[in-house]
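In what follows, a structure is listed as structure tokens, so that the remarks can point back to it.
Every number in this text was worked out from the coordinates using simple rules, so none of it is lab data. Computed from a predicted model, the values in this text were never measured in an experiment. Because the Cβ atoms are built from the backbone with ideal geometry, glycine has one as well, and the counts that use them run over all protein chains shown.
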Number of protein chains: 2
Amino acid sequence: MPPSPEIAPTPPRRRGQETSEHILDAAEACFARKGYAGTTLRNVADVVGIRIPSLYNHFANKEALYAAVLERGMGPVLSVLSASMEDGSGDYPEPNSLIREMMMLLGDRPNLPRLVQYELLAGGHHLAPLLENWLRPAIAQSMKILKSTPAVRRWGPDQMPYLLVTFFNIVVGHFTTASLTESLMGNNPLSAEGLAESSKFYGELFASLIEAED
Amino acid sequence: MPPSPEIAPTPPRRRGQETSEHILDAAEACFARKGYAGTTLRNVADVVGIRIPSLYNHFANKEALYAAVLERGMGPVLSVLSASMEDGSGDYPEPNSLIREMMMLLGDRPNLPRLVQYELLAGGHHLAPLLENWLRPAIAQSMKILKSTPAVRRWGPDQMPYLLVTFFNIVVGHFTTASLTESLMGNNPLSAEGLAESSKFYGELFASLIEAED
DNA sequence: TGAGAGAACTAACTAGCGTTAGTTTCCCTC
DNA sequence: GAGGGAAACTAACGCTAGTTAGTTCTCTCA
């Protein structure tokens with residue numbers, strides 16, 4: 001199949017593009033709620049409002065659909081994190097603002113942390129290639145940043161990775177444990193107020209961890 | 001094909017009680033690795049070394065088996081937490097030692113945090129009845145404890161629940177994100193050294209959060 | 001206007017799921 | 001030894017999974 005030597009003036013079909021997006025939306029919701037194994041193509045097709053075999057006009061199979069959902073979902077988060085890390089104005093990025101930015105971003109896409117958590121439990125094999133090109137440099141960068149901050153005086157260089165893991169677990173965990181939190185605390189941690197309140201707390205928490213001790 | 005009757009001096013025919021335990025062990029490993037939907041009774045039976053229908057001599061169905069796994073697994077953790085909370089020697093429990101105790105306990109049973117995380121993602125409906133009788137009083141108790149500590153001076157009473165959620169997410173997340181952590185950091189966070197190192201870090205982290213500021 | 005491609009459909013297949021029925025085997029007790 | 005029950009087995013069920021084949025509709029463009 002030749003890759004269309006001349007540029008197509010107008011995309012061949014637009015209706016197909018739209019349904020592809022709808023399928024991705026539906027699949028994202030299903031996979032986020034019930035995981036890969038717990039999601040059936042019937043679930044997805046029913047949400048979209050089409051028959052199961054029609055899905056195969058847009059994605060090769062269930063796994064390809066899942067990979068596409070993951071890739072589309074992770075894109076924005078990775079670029080936000082990437083931009084925040086590579087800002088590099090000499091000054092180190094304020095953890096308070098970074099954590100608030102992430103919380104706000106994920107608050108708009110609460111499916112994402114669930115997808116990521118399911119993926120990690122499953123071994124993270126679909127996530128690894130997505131992260132490989134971003135997370136490694138980001139870690140190297142953030143390690144460099146962290147080491148140039150007063151925090152290193154408290155934590156020591158070999159404890160820096162744990163700060164990153166903690167950051168990750170707090171943010172992702174806030175979303176994946178929301179059902180438990182809500183049933184125990186009463187208020188919804190995914191509501192606007194819940195997100196604002198928790199973002200404030202997590203931001204202050206990390207700021208206090210990073211800042212120098214006396 | 002009959003399995004060669006002449007050999008097998010002691011056929012691996014086990015007594016029911018033992019088999020039930022073996023089934024629970026196998027099911028715990030399977031459910032922890034692949035979740036409820038991702039686990040098949042064939043997986044479990046193969047690990048135990050029996051046929052699928054034999055499982056039904058010990059558990060009513062797949063869901064009952066899952067509930068039994070969860071209940072057996074959660075027991076020790078709940079009692080440790082419960083004991084630690086209700087110690088109540090007037091003094092508040094040292095978060096450093098509590099977090100180390102939990103990390104050590106879960107380090108011996110790394111299936112548990114994964115089971116819990118899968119459960120929470122699925123809605124936590126099987127977990128709720130187990131936690132209802134323990135977690136609520138524990139939260140009330142720990143809130144009382146926290147409020148009597150210097151920590152409240154820094155965090156304010158309404159932020160106490162977030163301290164608990166953070167505690168939970170850090171400890172559980174350490175285990176559920178181990179695959180990612182290992183592939184990125186190089187060393188295994190579930191090994192003896194990894195656990196010791198991380199317990200130390202998390203303990204210090206929480207101690208520094210709880211202690212008074214200036 | 002007619003050809004072709006995209007995207008929906010119906011129908012059907014295979015494989016595997018959880019589950020049940022009925023049978024056999026072993027061990028313990030009388 | 002004989003009887004009974006626990007626990008293993010074989011065989012088969014109904015259902016649903018993901019997937020494929022083949023058809024129809026419709027829109028775009030030459």
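Miscellaneous remarks
- Given in Å, the Rg to one decimal and the Dmax to the nearest whole number for the Cα atoms of segment B:141-202 are 15.0, 41.
- Euclidean distance between Cα centres, segment A:30-79 to segment A:114-145, Å: 21
- Cα convex hull, segment B:107-188: 135 Å³ per residue, rounded to a whole number.
- Label zone of B:Met104 (point 7 Å out along Cα→Cβ, amide N under 16 Å): in segment B:159-177 this covers no residue at all.
- Between B:Ser148 and A:Ala192, the distance separating the two model label sites (each 7 Å from Cα on the Cα→Cβ line) works out to 4.0 nm.
- Ascending list, in nanometres, of distances separating the A:Pro53 label from those of the other copies (7 Å, Cα toward Cβ): 3.7
- Positive-end extreme of charge dipole, the protein assembly as shown - chosen from A:Ser97, A:Leu41, A:His125 (charges on Cβ): A:Leu41
- Net charge contributed by nearby residues that have their C-beta within less than 12 Å of B:Ala26 (K/R +1, D/E -1): -2
- Just so you know, the Rg over Rh for segment A:38-138 is 1.06, from Cα atoms, with Rh as the Kirkwood radius.
- Rg over Rh [alpha-carbon atoms, Kirkwood Rh] for chain A: 1.04
- The dipole here belongs to chain A: it is taken about the Cα centre, uses +1 on the Cβ of Lys and Arg and -1 on the Cβ of Asp and Glu, and is about 760 debye.
- Only alpha carbons enter this Debye calculation for the protein assembly as shown, each as an equal point scatterer, and the log10 of I(q)/I(0) it gives at q = 0.06, 0.08, 0.09, 0.11 Å⁻¹ is -0.30, -0.52, -0.65, -0.93.
- Partner shielding of B:119-131 amounts to 4, given as the average count of beta-carbon atoms from other chains within 10 Å of each residue beta-carbon.
- 7 Å along Cα→Cβ, label-point gaps from B:Ser82 to other copies, nm, shortest first: 5.0
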